[in-house]
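S.K.: Pasting in a structure now, in structure tokens, and then I'll have a few things to ask.
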């Protein structure tokens, strides 16, 4: 068989005919999965992605959560770590506004968003959705906790409306409950960054030349390379880490 034979075979369409066999089931992609597939395809085809991986010590943020969890539960809130991550990301965006940006079609200008509308990628029975916590830059940590709790309740009850799922400027994807150590999340087009959060795991690390066990959290960032280079990505990640490792700054 020659190269010309291979080209002619694919050009004839015969290769496509062999994909579907007579006993295969064809399942339509509709609804939320269809829309998500379109957006992810658009994102990967338009945005030059690059990934940046990092780790942080979650000891202090775990202590802070434990300190305020009792009060939250008394008031009817289930306190997770996500509001801390949301607030830390917002403070990071204040220091690096290029991350809270979108590239205009044609890559001729950059839109710097003044509002921190942080999307939360979540798995539902209908498919993967992104609901939005709006104007986080104006919210205290307590307000962020309350709003996150309100939105997750709406999601669980199937009460999210279109306005709850549009307009995000940067996204967090928490894949920790699903397992896995690292990821390469796809940016929620037309945003410039997405942060993937893994599960906090006890791991051996070196502190003062000694091996100790610490709760370690892996971070998986994806950035738009037209906007964010490696140097800026490192600064962004390090700022986020500093905030989570010293969470009194979030109060």
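The values are calculated or read from the model by the stated rules, or taken from the named source; none is laboratory data. Model, not experiment: these values are computed from the prediction. Heads up, the Cβs are rebuilt from the backbone with ideal geometry, glycines too, and the neighbour counts pull from every protein chain shown.
S.K.: Whether any residue in the stretch 198-214 is touching a residue at least 24 places away in the same chain (Cβ under 8 Å), under 15 Å from the mean Cα position of the chain (by Cα) and crowded, with 19+ Cβ neighbours inside 10 Å is what I want to check.
M.R.: no
S.K.: Name, by its number, the condition in (1) surrounded by fewer than 17 Cβ atoms within 10 Å (Cβ to Cβ); (2) in a helix (DSSP H, G or I); (3) within 19 Å of the chain's Cα centre (by Cα); (4) at pLDDT 95 or above that does not hold for residue 167.
M.R.: (2)
S.K.: Give the residues of the stretch 161-174 that are in contact with a strand residue (DSSP E or B) (Cβ under 6 Å, 6 or more places away or on another chain) and over 19 Å from residue 192 (Cα atoms), sorted by residue number.
M.R.: The one that is in contact with a strand residue (DSSP E or B) (Cβ under 6 Å, 6 or more places away or on another chain) and over 19 Å from residue 192 (Cα atoms): 164.
S.K.: Now for a different question. So which residues in the stretch 215-233 are in a helix (DSSP H, G or I) and exposed (fewer than 14 other Cβ atoms within 10 Å of the Cβ), if there are any at all?
M.R.: Correct list: 230, 231.
S.K.: Taking the stretch 54-83, which residues are more than 21 Å from residue 246 (Cβ to Cβ) and either loosely packed, with under 15 Cβ neighbours inside 10 Å or within 21 Å of the chain's Cα centre (by Cα) (or both)?
M.R.: Scanning the stretch 54-83 gives 70, 71, 73, 74, 75, 76, 78.
S.K.: What are the residues in the stretch 118-139 that are in contact with a strand residue (DSSP E or B) (Cβ under 6 Å, 6 or more places away or on another chain) and either on the phi > 0 side of the Ramachandran plot or not in a strand (DSSP E or B) (or both), if any?
M.R.: Residue satisfying the conditions is 136 alone.
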